[in-house]
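Visitor: This is the structure I want to talk about, given as structure tokens.
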Amino acid sequence: MKVVLQQISEGSEEIRIRYRQMTEQIEGIVHYIEGQSGKLIGMKNGQQFVIKPYDVIYLESVEGTVYIYTEKEVYRSGLTLAAAERAYADEGYFRCSKSMVVNIYRVQKLQSMPGNRIDVTMDNREHVVISRRYAKELRNILKGEMR
């Protein structure tokens, strides 16, 4: 893919994408440009907070409510895990179990466990277990293979 940048002195800025066939990569670029990957909204103490996708370490569903975990805070979210995984897959969000989505860019260490599971240490030193159902997909992603 060729990238052409051109500085202009007047007129409005524009981004033009030329493609033969719409691919996931091009869709991701379009979503990023349009700001659709944007930010997450979290609730805490009756207030709404805007959270950058990279700041999220993981999301966890507890009794039907999804919580957003950052380095120092926990927020309640209106998203479902499936929606978060779809919307932020390009930001590194990965479904690691039935009740959790992790940000693979915030993984510090991986360790294999019996039963084809993976113990993951996150940036905040918390341990998350990747269930065997999702372990193979994570290994493929880390090898650079597409989802």
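The values are calculated or read from the model by the stated rules, or taken from the named source; none is laboratory data. Being a predicted model, the structure only gives us computed values, none of them experimental. Cβ placement follows ideal geometry from the backbone for every residue including glycine, while neighbour counts extend to all protein chains displayed. With ligands, DNA and RNA removed, areas are computed over all heavy atoms of the protein, side chains included. Shrake-Rupley method; radii C 1.70, N 1.55, O 1.52, S 1.80 Å.
Visitor: Which order do MET22, MET113 take by accessible area at a 1.4 Å probe, largest first?
Guide: Largest to smallest exposure gives the sequence MET22, MET113.
Visitor: Could you work out which residue, out of ASN45, ASN124, ASN116, moves most in a Gaussian network model of the chain, that is, has the largest mean-square fluctuation with Cα springs under 10 Å?
Guide: Its mean-square fluctuation being the largest, the pick is ASN45.
Visitor: Of the candidates GLN108, GLN48, GLN25, which one comes out as most mobile in a Gaussian network treatment of the chain with C-alpha springs shorter than 10 Å?
Guide: GLN25
Visitor: Loop by DSSP (not H, G, I, E, B), at most 11 other beta-carbon atoms within 10 Å: where is the longest site-free stretch of the chain for GluC sites (Glu not before Pro)?
Guide: Value returned for the longest uninterrupted segment is 72-144.
Visitor: With springs connecting C-alpha atoms under 10 Å apart, model the chain as a Gaussian network and identify which of VAL128, VAL50, VAL107 has the largest mean-square fluctuation.
Guide: Answer for the Gaussian network model of the chain: VAL50.
Visitor: Right, something else. Enumerate the calculated ³J(HN,Hα) couplings along the range 100-113 in order (Karplus 6.51 cos²θ - 1.76 cosθ + 1.60, θ = phi - 60°), each rounded to whole Hz, writing x wherever the residue is Gly or Pro.
Guide: Along the range 100-113, the couplings run 8, 10, 10, 8, 5, 6, 10, 7, 9, 8, 10, 9, 5, 10 Hz.
Visitor: What are the ³J(HN,Hα) values, in whole Hz, obtained from phi via the Karplus relation 6.51 cos²θ - 1.76 cosθ + 1.60 with θ = phi - 60°, for each residue of the range 68-85 in sequence order, with x given for Gly and Pro?
Guide: Values, residue by residue: 9, 9, 10, 3, 10, 10, 10, 10, 8, 10, x, 6, 8, 4, 4, 5, 5, 4 Hz.
Visitor: A further question follows. How many percent of the accessible area of the range 7-95 is carbon or sulfur, using a 1.4 Å probe?
Guide: Roughly 44 percent of what the probe reaches on the range 7-95 is carbon or sulfur.
Visitor: Here's a follow-up. In the range 99-141, what percent of the accessible surface is made up of carbon and sulfur (1.4 Å probe, ligands and nucleic acids excluded)?
Guide: Carbon with sulfur: 46 percent of the solvent-accessible area.
Visitor: Straight-line reach from LYS98: which lysines have a Cα under 25 Å away, not including same-chain ones fewer than 8 places off?
Guide: Counting by Cα, and skipping residues close in sequence, LYS98 has these lysines nearby: LYS39, LYS44, LYS52, LYS72, LYS109, LYS136, LYS143.
Visitor: Which entry in (1) 32; (2) 36; (3) 20 matches percent of Cα pairs over 26 Å apart derived from the coordinates of this structure?
Guide: Matching entry in (1) 32; (2) 36; (3) 20: (2).
Visitor: If you roll a 1.4 Å probe over the heavy atoms of the protein chains, what accessible area per residue do you get for the chain, in Å²?
Guide: Here the per-residue accessible area is 74 Å².
Visitor: Please determine, in degrees from 0 to 90 and to the nearest 10, the orientation of helix 132-142 with respect to the longest principal axis defined by the Cα atoms of the chain, where the helix direction is its Cα long axis.
Guide: Result, in degrees: 40.
Visitor: In whole Hz and in residue order, list the ³J(HN,Hα) couplings for the range 51-65 that follow from phi through the Karplus curve 6.51 cos²θ - 1.76 cosθ + 1.60, θ = phi - 60°; x for Gly and Pro.
Guide: Karplus values, whole Hz, x for Gly and Pro: 10, 6, x, 5, 5, 7, 8, 7, 10, 9, 9, 10, 6, x, 10.
Visitor: Round to the nearest 10 and give me the degree value, 0 to 90, for the angle of helix 24-34's Cα axis relative to the longest principal axis of the chain.
Guide: The two axes meet at around 70 degrees.
Visitor: Considering only protein heavy atoms, with the full assembly of protein chains and a 1.4 angstrom probe, order ASP55, ASP90, ASP119 by accessible area, largest first.
Guide: ASP90, ASP55, ASP119
Visitor: Something else about it: How about the range 1-101: which chymotrypsin sites (Phe, Trp or Tyr not before Pro) there lie in a loop by DSSP and see at most 10 other Cβ atoms within 10 Å?
Guide: none
Visitor: Oh, and also: Please give the contour-minus-distance gain from THR65 to GLN6: 0.36 nm per residue of separation, less the Cα-Cα distance, rounded to one decimal in nm.
Guide: Using 0.36 nm per residue and subtracting the Cα-Cα distance, I get 16.6 nm.
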